[in-house]
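Readers should treat all values here as calculations from the given coordinates under stated rules, not as data from a laboratory. From a predicted model like this one, the values you see are computed outputs, not experimental measurements. Cβ atoms come from the backbone with ideal geometry, glycine included; neighbour counts cover every protein chain shown.
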Amino acid sequence: MSAPGCVYVPAGSRIATFAKTLAGLWRLGPLLDSPQSQAVGFGWHEEASQLRAQVDEGRLAGAVVFADRPGPEGAGIPSRGWVSGVASFGPGLRVNGRFCLLDGTPAVRSSLGAHAVRDGRWMVVGADPESSWGTLGDFWVLPALADFLIEVLDRPLVMLPPLGWVRYDDLPGTAYHQVSGRDKGDKRVRRRIETVTKTFAEHGSPINLALASRALVEGEEVGIEEVWPESIEAVGEGIEAGALEPVCHGYLHLNTEAWARGEVNPREFKDVDAVEAGRRIDVSMAWFERTLGVSPPTFVAPTWAYSAGLIEALAERELPAWLPPRPGPLLDGPNGRETISSGMDGLFRLDYGPFRALAMAGLPPSVVVHGGLFDMRAPLLRSPREAVTTARLVLKRDLFRFPWVPGVRWVGAERLLERLRGHDQVEVHGDEVSNPAGFEVVVRGPVAR
């Protein structure tokens, strides 16, 4: 028997996908199709009047409404406006962006003003959690909602422990790098792999390494080890040390049809059918077994471009894929879904605290890099105002800093998938938590964590 639901969303509301995401993360049961006195309503600003009346009449225990655009007071929503800048929510918790600030009694406050306001069991949040999903700027939304639900609902929230995972894509290089002139020399890449292995081994956390299996020599396809032999040797050493977990990253990481037309495009699987996708997967998996002695437990498509044929081929081989971030269950059938965009929108300087805040709220941050710096970091450092941050990152790049964010346990992709599958089996009935998978969970209620 499934656990009863305790989240209501008005019919047709565009907040439904986000509400389902929270219900899965916190084991709140299926969404309700009608109000109940022991449930919390979620809605968008146009549903505010309806939800407020249901709270006032006792048909809902409480409600949360999202409003992220400027407007006057009305229908239970306070006046609000946009402010751009750096919002500080505490030490290490500064983020950059444009924020919707509200008038009223703050439920969440930063240095810029109130981002969410409370009126008893009514809360208005100045954010669009679906459009900002995968960014860091609105990291505060999940902790604020957790606090509200713990207070209003007569049941605990059951979360994943504070986990995260890290993946380094495209080492030691790809055919796309080769034909676009962006490939690096073998000795230089080997040193990077050795440094990454040493860092994560010392930290006691594995890093996932996404590799393609083939490269080009004079236009001909060859095993990637023929171009980067020392680097592949270092990858094998890192796997043996337990610091690297391989992820299959395709075949060439190059769209060969586009290349034949003179175009350089990394989206290798964008248009391939199931037969061709399967062939490339089989060749790549055989290469891993032959060259590194391992079979990668997960797959990620170059640039996250998945054709229907690729999804079909992966399913036939029971090889789970990592899909790009978007609201919804973190398990999409057999596949996992990443949670953070690699652009790190909202990141401010070296403030990595939002990763911890998300992990503590039960959302495992997925940190994907293509180098020592976070993607899109370099353009942000060109301003003279960022000279100190630039100097610090010259001494130690992001990749060798953020794993020391306190309170987050970084795990491999395979382990995280196991935890997600187990978490999907957890049910809550009143104060009773059933955890058939036997994995550790975090139970948050009014008294204890």
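Tell me the mean residue ellipticity at 222 nm calculated for the chain from its helices only (DSSP H runs of n ≥ 4, each -39500 (n - 2.57), averaged over every residue, nearest 500). The partial results should precede the final answer.
Details: 13 runs with 131 residues, N = 449.
Result for the chain, helices only: -8500 deg cm²/dmol.
Net charge within 12 Å of residue 336 by Cβ-Cβ distance, Lys/Arg positive one each and Asp/Glu negative one each, not counting residue 336 itself? Numbers along the way, then the final one.
Numbers: positive: 167, 337, 415, 419, 421; negative: 332, 338, 414, 418, 424.
After counting each charged neighbour, the total is 0.
Sum up the charges of everything whose Cβ sits under 14 Å from the Cβ of residue 422, counting Lys and Arg as +1 and Asp and Glu as -1, but leave residue 422 out. Working shown, then result.
On the way: positive: 27, 415, 419, 421; negative: 414, 418, 424, 427, 440.
Cβ neighbours under 14 Å give a net charge of -1.
What number comes out for the charge environment of residue 108, summing +1 per Lys or Arg and -1 per Asp or Glu over other residues with Cβ under 11 Å away? Please list the in-between numbers first.
Working: positive: 109, 118; negative: 138, 147.
Surrounding charge for residue 108 is 0.
Gain in length, residue 257 to residue 385, computed as 0.36 nm per residue apart minus the alpha-carbon separation, to one decimal in nm? If you can, show how the numbers build up before the last one.
Working: separation 128, 0.36 × 128 = 46.08 nm, distance 4.44 nm.
Contour length minus Cα-Cα distance gives 41.6 nm.
Out of the DSSP beta bridges found with both residues in the chain, what percent are antiparallel (nearest 5)?
So the antiparallel bridges amount to about 50 percent of the total.
Sorted by packing (mean other beta-carbon atoms within 10 Å per residue), highest first, where do 435-441, 338-344 land? Write down the numbers at each step before the final one.
Details: 435-441: 13.1, 338-344: 20.9.
In decreasing order of mean packing, 435-441, 338-344 become 338-344, 435-441.
Please report, in debye to the nearest 20, how large the charge dipole of the chain is about its Cα centre when each Lys and Arg carries +1 at its beta carbon and each Asp and Glu carries -1 there.
Details: 47 positive and 56 negative charges, 330 e Å.
Computed about the Cα centre, the dipole is about 1580 debye.
If the cut-off is 22 Å between C-alpha atoms, which lysines fall inside it for residue 187, apart from same-chain ones fewer than 8 positions away?
198, 396
What does the extension gain come out to for residue 394 and residue 290, with contour length at 0.36 nm per residue minus their alpha carbon separation? List each step's numbers first, then the result.
Details: separation 104, 0.36 × 104 = 37.44 nm, distance 3.76 nm.
Taking 0.36 nm per residue and subtracting the Cα distance, the gain is 33.7 nm.
Would you mind putting 409-422, 164-177, 378-391, 246-259 in packing order, based on average other-beta-carbon counts within 10 Å, highest first? Numbers along the way, then the final one.
On the way: 409-422: 19.3, 164-177: 24.4, 378-391: 11.6, 246-259: 22.2.
Top to bottom by mean Cβ count within 10 Å: 164-177, 246-259, 409-422, 378-391.
Sorted by average packing, counted as other Cβ atoms within 10 angstrom per residue and highest first, what order do 217-224, 25-32 take? Mind dumping the intermediate values first?
On the way: 217-224: 12.8, 25-32: 21.5.
Ranked from most to least packed, the peptides come out as 25-32, 217-224.
Once the Cα atoms of helix 16-25 and of the chain are each reduced to a long axis, what angle between those two axes, in degrees from 0 to 90 to the nearest 10, is obtained?
Around 80 degrees separate the two axes.
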